[in-house]
1. To the nearest 0.05, what FRET efficiency results for Glu255 and Phe10 with a Förster distance of 30 Å applied to their C-beta separation?
2. What are the residues whose amide H is under 5 Å from the amide H of Arg120, where those residues sit 5 or more places off or on another chain and H is modelled from the backbone?
3. Relative contact order for the range 1-130 using alpha-carbon pairs under 8 Å, separation at least 6, rounded to a whole percent?
4. How charged is the neighbourhood of Gly81? Take every other residue with its Cβ under 13 Å from the Cβ of Gly81, and add Lys/Arg as +1 and Asp/Glu as -1.
5. Quick one: Cα centre-to-centre distance for the range 197-212 and the range 70-120, in angstrom?
6. If I model a spin label as a point 7 Å beyond the Cα along the Cα-Cβ vector, how far apart are those points for Gln126 and Leu145 in nm?
7. With the Cα gyration tensor of the range 174-255 giving a ≥ b ≥ c as the square roots of its eigenvalues, does the rule (a/c under 1.5 for rounded; else a/b larger than b/c for prolate; else oblate) give rounded, prolate or oblate?
8. How high is the relative contact order of the chain, given as a whole-number percent (alpha carbon pairs under 8 Å, six or more residues apart)?
Amino acid sequence: MRFAILSIGFELLIGRVVNTNSAFICSELAKRGHEVGREITVGDELTAISSELKHLIQEGFQNIITTGGLGPTFDDMTAEGVAMAFGLQVEENSLALQWITDKYDAMKLPLTAERRKMCRLPVGAQPIYNSLGTAPGFLFADGRLKVLALPGVPAEMTAIFQKNLEQIFPSEGRMHEREIRITGLPESTLATYTVKLMEKYPSIYIKTHPRSSEGKSEVLVHAYAMSGSDDVESQLDSLITALRSSVEKLGGRVEE
């Protein structure tokens, strides 16, 4: 499946909070054989949330995950943004209201308008229980198009994601990968050989990561493919063998 991730929060845009949620989601999706084609961050702004969702849908993304903007404050606008993108209203969801009521009753706190706001979801959305916090996530589906809205608090996001991902977005394989460390050759020299290998193995993507300057070269080479086929493993082995041979002929050194 091809995914887009929409992270929401001005705290991300001003650098006060590092977006670990996006990195976690990308990593977990890749492990399950999915592809992330877009990762976008917007502020707590209704039109921005709605507009970006519309753009992603127009680009053909049918699997979208949002993080942040589900809480009780005035600038938590994700539910309204999703609703606006689909031309819908938000409404009080009875199941979400029951969950929130129970949580605040247990804390002996009143159900204020701000707290009750967290149960207002796009019409037709399915609430998802938040075991570690108060704001529920939700799933909105329109035919094959799915929008999964997760909290911004990392622990809450992770818990909901791990419990519900496989049911909502079933795995289609996994990521097959190899990584080697090359010393003694600059990245620019390796570029000639990596592009030829990608032409020979079109299902495999190669990314080089220089760890020092061109003159003191150390480069990590990461090769990966998304597939459920066992043949990918043998292709990766062949690719690494070919790359090792080229590097050694050029006087470089390779470590697994």
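Values quoted throughout were computed directly from the atomic coordinates according to the rules given, and no laboratory measurement underlies them. Please read these numbers as outputs of a predicted model, since none were measured by experiment. Cβ atoms come from the backbone with ideal geometry, glycine included; neighbour counts cover every protein chain shown.
1. Once the sixth-power term is evaluated, E becomes 0.10.
2. HN-HN under 5 Å from Arg120: Asn93.
3. Over the range 1-130, the number comes to 26 percent.
4. Details: positive: Lys54, Arg120; negative: Asp44, Glu45, Glu52, Asp75, Asp76, Glu80.
Neighbourhood net charge equals -4.
5. 46 Å
6. Once both label points are built, they end up 1.8 nm from each other.
7. On the way: a/c = 2.19, a/b = 1.89, b/c = 1.16.
It comes out prolate by the Cα gyration axes.
8. 17 percent
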